[in-house]
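First the structure, in the form of structure tokens, and then the observations on it.
Any read-out appearing in this document is the output of simple, stated calculations on the displayed coordinates, not a laboratory observation. As the structure is a prediction and not an experimental result, all values here were calculated from the model. Virtual Cβ from ideal backbone geometry, glycine too; neighbours counted across all protein chains shown.
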Amino acid sequence: MVDLDKLVEVAKNARNKAYAPYSNYKVGCALLTKNGKIFSGCNIENNGIMSICAERVAFTKAISEGEKEFECLLVLGGKSELIYTSPCGYCRQFISEFCDENFTIYMYYEDGKIVKKTLKELLPDNFELN
Ligand SMILES: [Zn+2]
């Protein structure tokens, strides 16, 4: 049983650390591993080169700590109020490297609304080298 309240809390705290001086669109996320650890991420923008999204921050933190199996991801974001925010195309493809098509992604917004989708729904035809 996934503790969504806990993931929301972690993602909100991460969002408070977002570095988004250009878009002012702050994103936070919480990545739950299969062994119960939670890794947070926030977006980090950059004036000169491509910014990094909250989702890839969380995954790179987890993977660099040796984690390889992931349960689900919760994402939230917006400029001021939380609005529906789903992973960008780059992140969807990035996630597909580490998670199967049934991996669950929760989008949390407004006052407790949650949309639940699988990676397959968000990325129905991912690129794969074969
Ligand atoms: Zn992204």
Practice item. Work out the FRET efficiency for Met1 and Lys113 from their Cβ-Cβ distance, taking R0 = 25 Å, and round it to the nearest 0.05. Key: 0.80
Exercise for review: For the chain, build the charge dipole from Cβ charges (+1 Lys, Arg; -1 Asp, Glu) around the Cα centre, then report which of Val2, Gly28, Val115 sits farthest towards its positive end.
Suggested key: Gly28
Review point. Which GluC sites (Glu not before Pro) in the range 13-71 pass both tests, a DSSP loop state and at most 10 other beta-carbon atoms within 10 Å?
Key: Glu65, Glu69
Study note, to complete from the structure: Two pseudo-spin positions, 7 Å from Cα along C-beta at Ser86 and at Tyr25, lie apart in nanometres by 1.4
Exercise for review: Grab the Cα-Cα distance for Asn13 and Asp100, subtract it from 0.36 nm times how many residues apart they are, and report the gain in nm with one decimal.
Suggested key: 28.6 nm
**Study point:** Other-chain or far-sequence residues with amide H under 5 Å of Glu71's (modelled H)
**Key:** Leu32, Thr33, Lys34
Practice item. Would you give the gap between the C-alpha center of the range 106-130 and the C-alpha center of the range 1-72, rounded to a whole Å? Key: 15
Exercise for review: Using DSSP to define loop residues, name the GluC sites (Glu not before Pro) in the range 85-130 whose beta-carbon has at most 14 other beta-carbon atoms within 10 Å.
Suggested key: Glu97, Glu101, Glu110, Glu128
**Study point:** Given the chain, longest segment not containing exposed loop trypsin sites (Lys or Arg not before Pro) (DSSP; at most 11 other Cβ within 10 Å)
**Key:** 80-130
Study note, to complete from the structure: Rounded to whole Å, √(5λ) for the Cα gyration tensor eigenvalues of the chain, largest first, gives 21, 18, 15
Point to revise | Assigned charges on the beta-carbon of Lys, Arg, Asp, Glu; the range 4-122 dipole about Cα centre (debye) | key: 180
Study note, to complete from the structure: With only helices counted (DSSP H, runs n ≥ 4, each -39500 (n - 2.57)), the per-residue ellipticity at 222 nm for the chain, to the nearest 500, works out to -7500 deg cm²/dmol
Review point. What's the longest bit of the chain with no exposed chymotrypsin sites (Phe, Trp or Tyr not before Pro), using DSSP loop states and at most 11 other Cβ atoms within 10 Å as the test?
Key: 23-126
